[in-house]
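Worksheet: one structure, shown below.
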Amino acid sequence: MSVSTSPFFSVIVPLYNKRDYILQAVESVLAQGYTDLELLVVDDGSTDGSAELLEAHVSDIRLRVIRQLNKGGAGGQARNTGMAEARGEWFAFLDADDLWLPNHLEELAIIALYVGRPALISTKPIEMPTGVIVKPDLRKESCISELNYFEAAGRQIGQNNCSSSAIHREVFERVGGFINVRSGPDLEYWSRVALEYPYALSDRTTSVYCRGNMGNMEQIASQNTDKPPPSLNKLADVSPSLAMLSDKATENPSLFEREDIRAYINGRLRSGMRNKIRQSLPRQARALRRLMFDPVDRQTQVLTIAAWLPTAVLQLLNAGYGLARSRRF
């Protein structure tokens, strides 16, 4: 089989010290039923022999390994390198410790045809522990919808991720690439793209977000720090995506008058409140509530009540919740 000079998909995999997982990720790409692709693995200065292992075990001519010095962040700079080198019409992303089911690219191609223009597109991701076998979603037809990204992500932040999504080449050429931050570059990018391009989602599950492999978010969550919680006085303090929207609103104040943008911001803040309450940090939860646009929904009202409970009470409630979950599973 020969690789066309302009494949439909350029698959971009950022790689940094994922020796135990990279072969599984790459094999899931090369086993796709849709074969009009090139695969670019961007080794971001790995020190564990990940790239060498890949080159020793995979000889498929569709694979290119690109090496660069480590640029930090959460893989965004490696993705940018891959997009700059890509020859395809659409850029599909896969993290080195996740995997695709065999019909992932086929479903993305169907979504691209459905949208019919440059866009952000995604299938439905599933989150599973590493090593669990997931059966392909082989329904005869899926449900594809063109959605308002901000409304959809305001309801469910993780309804697309870096291993389920793809963008058209024009998106990268116009909007640029991922920012270099340790947490949240993907959510910032999807939001920045959605300000200018449509978003379409399929309800077919074709990508697997693997848990228990000490990925970026798990590493951040596991770190023990004595530093006090950061101040949350403005949207820019909360996350890169909210900082970006805040900057855009400075240039165009009418942005914050949009109901979809307000729904997205409230959704991110509500999710943050929930996390702070689970961490027994009621003061930070209250700080997030103060940044919300009114009116708020019932779920936020319940979280607001919880945020005014004493820290000791929250700690007891969270301990009981954790015990109940451990017994359940």
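The values are calculated or read from the model by the stated rules, or taken from the named source; none is laboratory data. Here the structure is a predicted model, which means the values were calculated and not measured. Don't worry about glycine lacking a Cβ; one is built from the backbone with ideal geometry, like all the others, and counts go over all protein chains shown.
Residue count for region 23-34, restricted to those that are over 13 Å from Val208 (Cβ atoms), among the aliphatic types (A, V, I, L, M) and in contact with a helix residue (DSSP H, G or I) (Cβ under 9 Å, 6 or more places away or on another chain): 2. Only one residue in Arg182, Arg211, Arg192 is among the basic types (Lys, Arg) and at pLDDT 95 or above. Which one? It is Arg192.
Taking the condition assigned to a strand (DSSP E or B) and within 22 Å of Arg211 (Cα to Cα), does Asp20 pass? No; evaluated as a whole, the condition is false for this residue. Checked against the criterion of being closer than 18 Å to Glu188 by Cα, within 19 Å of the chain's Cα centre (by Cα) and modelled with pLDDT of 95 or more, region 252-259 contains not a single residue that satisfies it. What is the one condition in (1) over 30 Å from Thr300 (Cβ atoms); (2) modelled with pLDDT under 95; (3) not in a loop (DSSP other than H, G, I, E, B) that Met128 does not satisfy? For Met128, the failing item is (1). Looking at Val58, Val115, just one residue is among the β-branched types (Val, Ile, Thr) and touching a helix residue (DSSP H, G or I) at 6+ places or on another chain (Cβ under 7 Å), and that residue is Val58. Note on region 70-107: among residues that are in a loop (DSSP other than H, G, I, E, B), under 16 Å from Ser207 (Cβ atoms) and among the small types (Gly, Ala, Ser), the one that is farthest from the chain's Cα centre (by Cα) is Ala96. If the condition is being without any contact (Cβ under 8 Å) to a residue 60 or more places away in the chain and either assigned to a helix (DSSP H, G or I) or polar (S, T, N, Q) (or both), then region 188-206 contributes Glu188, Arg192. The helices (runs of 4 or more DSSP H) located wholly in region 251-329 include none with 3 or more residues which are of a type in the set (Asp, Glu).
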